[in-house]
Amino acid sequence: MSSSYPHEALPEEWMPLLARCWDFLAEGGYTAIVMGSQALSLHLLKLSERGKGQLDWRVAFPSKDLDISVPALEREGEFNQEFLRDLSDFIRGLEGVAYRGTQTLDLRAEGRGLVAHIFIRLPSDKPFAIELFSTVIGIHPYVFVVKGTRIHLMSVSRDFLTLSPVDANVARLASPAPVELKHVERLRLFNRALGVKPEDVADRLHEVLGPEMIERLHRNLRRIERYGSYPWDRDAWERFLALVGLRSIGRAEEDLH
């Protein structure tokens, strides 16, 4: 899939980096969950493997960063400096990757927990960031095993964990960060390919969302309304709005104020 953002890394560029990061996490005994466009892409790549017997990189999404939730990022309410130092040293030692620095952010007031960015340049010379989060919306992750160019779905603890298709929608729609048009377009392609139903996403939202998350969800739904592009077709989108407490697409703006 071509990118309208030329600085974004193509899947064949970020996938090897994800695999190397996972080597570090597994060997150190850490657990983590892949988020963002990579979570969507791993499902789409798995789908392409089932259909064709091989990975089709064209179905996956480019990315400007690699989103990973790592519980080890936080220790006793503060940044785990030992973990950050060790991971930064590991990235610095990767062949072809130019390490640029590490930045830490305390975004607990925004509901995003502790966040760290490891800035690098890929062998393609594109700027890239490994974005680490200490928290994520409550989820039931699927587990993927990635070996070479093949992805296998298995129940093991030392390999890729990524958000389930439903939880991937929940994490994006209820994110503290504003939903962008490209996010909506990616969700639409993802939901169409995997057959994710709006009813299932609405049910999951009711399970996990507290008052603060509901406010974020409504704010993002308002943004999606303004884009005029939706994660499902219009009829399904109207059903979704009704299920999450908004009467219809035509009344969403009124209900959200």
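Candidates are the residues of region 136-160 that are hydrophobic (A, V, I, L, M, F, W, C) and under 18 Å from Leu47 (Cβ atoms); the one that is modelled with the lowest pLDDT is Met154. Evaluate the following for Phe133: is it under 23 Å from Arg186 (Cα atoms) and modelled with pLDDT of 75 or more? For Phe133, the condition - under 23 Å from Arg186 (Cα atoms) and modelled with pLDDT of 75 or more - is met.
Can you tell me how many residues within region 197-233 are hydroxyl-bearing (Ser, Thr, Tyr) and in contact with a Leu (Cβ under 8 Å, 6 or more places away or on another chain)? Let's see the steps before the verdict.
Start the filter on region 197-233 by keeping residues that are hydroxyl-bearing (Ser, Thr, Tyr), which leaves 227, 229-230.
Imposing the further condition that a residue be in contact with a Leu (Cβ under 8 Å, 6 or more places away or on another chain) reduces the set to 227, 229.
Residues in region 197-233 being hydroxyl-bearing (Ser, Thr, Tyr) and in contact with a Leu (Cβ under 8 Å, 6 or more places away or on another chain): 2 in total.
Quick grid of which residues meet (1) under 30 Å from Leu17 (Cα atoms); (2) open to solvent by 10 Å² or more (accessible area, probe 1.4 Å):
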{"residue": "Glu180", "(1), (2)": "yes, yes"}
{"residue": "Gly195", "(1), (2)": "yes, yes"}
{"residue": "Ala202", "(1), (2)": "no, no"}
{"residue": "Arg216", "(1), (2)": "no, yes"}
{"residue": "Arg223", "(1), (2)": "no, yes"}
{"residue": "Arg226", "(1), (2)": "no, yes"}
{"residue": "Glu238", "(1), (2)": "no, yes"}
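When we screen Gln103, Gln81 for residues that are modelled with pLDDT of 95 or more and touching a His at 6+ places or on another chain (Cβ under 6 Å), the only hit is Gln103.
Answer yes or no as to whether Ser63 is hydroxyl-bearing (Ser, Thr, Tyr) and under 30 Å from Glu82 (Cβ atoms).
Details: hydroxyl-bearing (Ser, Thr, Tyr): yes; under 30 Å from Glu82 (Cβ atoms): yes.
Yes: the conditions hold for Ser63.
The values are calculated or read from the model by the stated rules, or taken from the named source; none is laboratory data. Predicted, not measured: the structure shown is a model, and the values here were computed from it. Reconstructed Cβ throughout: ideal geometry from the backbone, glycine too, with neighbour counts over all protein chains shown. When the accessible area is computed, the model is the full protein with side chains, heavy atoms only, and any ligands, DNA or RNA have been set aside. Shrake-Rupley method; radii C 1.70, N 1.55, O 1.52, S 1.80 Å.
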